[in-house]
Amino acid sequence: MPPHGRPAQVLVVEDEAPLAELVRSYLDHAGCTVRVATTGPDGLAVARDWAPDVVVLDLGLPGLDGIEVCRELRTFSDCYVLMLTARSDEVDTLIGLSVGADDYVTKPFRPREVVARVQALLRRSRPAADTGTDENDAEVRTIGELRLDVAARIVHLGDREVELTKTEFDLLAALASRPGLAWSRRRLIEQVWGVDWVGDEHLVDVHIAHVRRKLGDDPASPRYVATVRGVGYRMGRG
Ligand code: CA
């Protein structure tokens with residue numbers, strides 16, 4: 001989350017130099033401070049040193065690929081990760097999301113689209129006070145043993161703190177804002193990724209699977225995140 005007054009810091013990790021420069025110029029034009037790394041190890045080094053708000057990460061890097069980079073990144077950073085995938089290969093995408101990427105864009109893409117996705121991620125990190133509050137923005141939500149401190153973005157299950165990525169937290173917070181309400185995938189996407197998001201709505205399923213695993217929630221008999229067949233998900237016992 002960029003502190004007030006500081007431009008958002010975006011790290012672009014992409015081995016194709018012309019593409020990296022194109023993305024850099026668009027992000028730069030959008031007001032971000034941008035650094036480019038052309039290899040995975042360089043990207044990780046810059047990420048450690050500079051602590052970017054968003055990493056735009058090419059999946060197809062020589063040597064240490066984007067999956068490995070993302071996995072490593074997640075051991076020390078909770079920044080947003082936007083993955084660039086080479087083709088609309090669902091496997092690529094799902095693997096990318098499974099190691100903690102928050103969103104993805106499929107190549108070839110318009111640079112404008114990357115900018116829009118980065119901006120959508122940055123909007124998500126704004127505290128609720130900046131975007132207006134309503135009665136659903138209660139600071140702490142409790143469902144069974146699950147306790148979400150929305151302002152602090154901390155989740156506890158009983159006495160144990162549960163480490164969620166930002167996207168996982170946002171999904172859980174959305175569901176918990178209306179316990180018992182069935183959310184379609186599309187509605188969750190609009191809530192978490194933004195109304196303009198276009199892509200495979202099953203990315204919701206990937207992130208929900210992570211949330212469930214981290215909560216120890218059995219999809220066959222969920223205590224927290226229940227599947228609503230043909231619709232999506234809701235918070236509450238299945
Ligand atoms: Ca590449």
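Only one residue in 205, 196, 217, 200 is under 17 Å from residue 148 (Cα atoms) and not aliphatic (A, V, I, L, M), so which one is that?
217
Within the set of pairs 6 or more residues apart or between chains, which connect a residue that is farther than 11 Å from residue 15 by Cα inside the stretch 40-68 to a residue that is within 10 Å of the ligand (Cβ to nearest atom) with Cβ atoms less than 8 Å apart?
Filtered contacts from the stretch 40-68: 55/13; 56/13; 56/14; 56/84; 67/59.
Would you confirm whether any residue within the stretch 78-87 is surrounded by fewer than 18 Cβ atoms within 10 Å (Cβ to Cβ) and among the polar types (S, T, N, Q)?
no
Within the stretch 14-47, how many residues turn out to be closer than 19 Å to residue 119 by Cβ and hydroxyl-bearing (Ser, Thr, Tyr)?
Looking only at that region, the number is 3.
Being in a strand (DSSP E or B), within 16 Å of the ligand (Cβ to nearest atom) and touching a Leu at 6+ places or on another chain (Cβ under 6 Å) is the filter here, so list the residues in the stretch 19-65 that pass it.
Passing the criteria: 55, 56, 58.
Working only within the stretch 157-180, note down all residues that are over 19 Å from residue 234 (Cβ atoms) and in a helix (DSSP H, G or I).
Scanning the stretch 157-180 gives a single hit, 166.
Of all the residues that make up the stretch 189-238, how many are under 12 Å from residue 174 (Cβ atoms) and in contact (Cβ under 8 Å) with a residue 12 or more places away in the chain?
The total comes to 13.
Got a number for residues in the stretch 155-173 being basic (Lys, Arg) and under 16 Å from residue 145 (Cβ atoms)?
1
Specify which of the listed residues (13, 55, 46) is modelled with pLDDT of 90 or more and within 16 Å of the chain's Cα centre (by Cα).
Of the residues listed, the single one that is modelled with pLDDT of 90 or more and within 16 Å of the chain's Cα centre (by Cα) is 55.
The values are calculated or read from the model by the stated rules, or taken from the named source; none is laboratory data. Bear in mind the structure is a predicted one, so any value in this text is a computation, not a measurement. Heads up, the Cβs are rebuilt from the backbone with ideal geometry, glycines too, and the neighbour counts pull from every protein chain shown.
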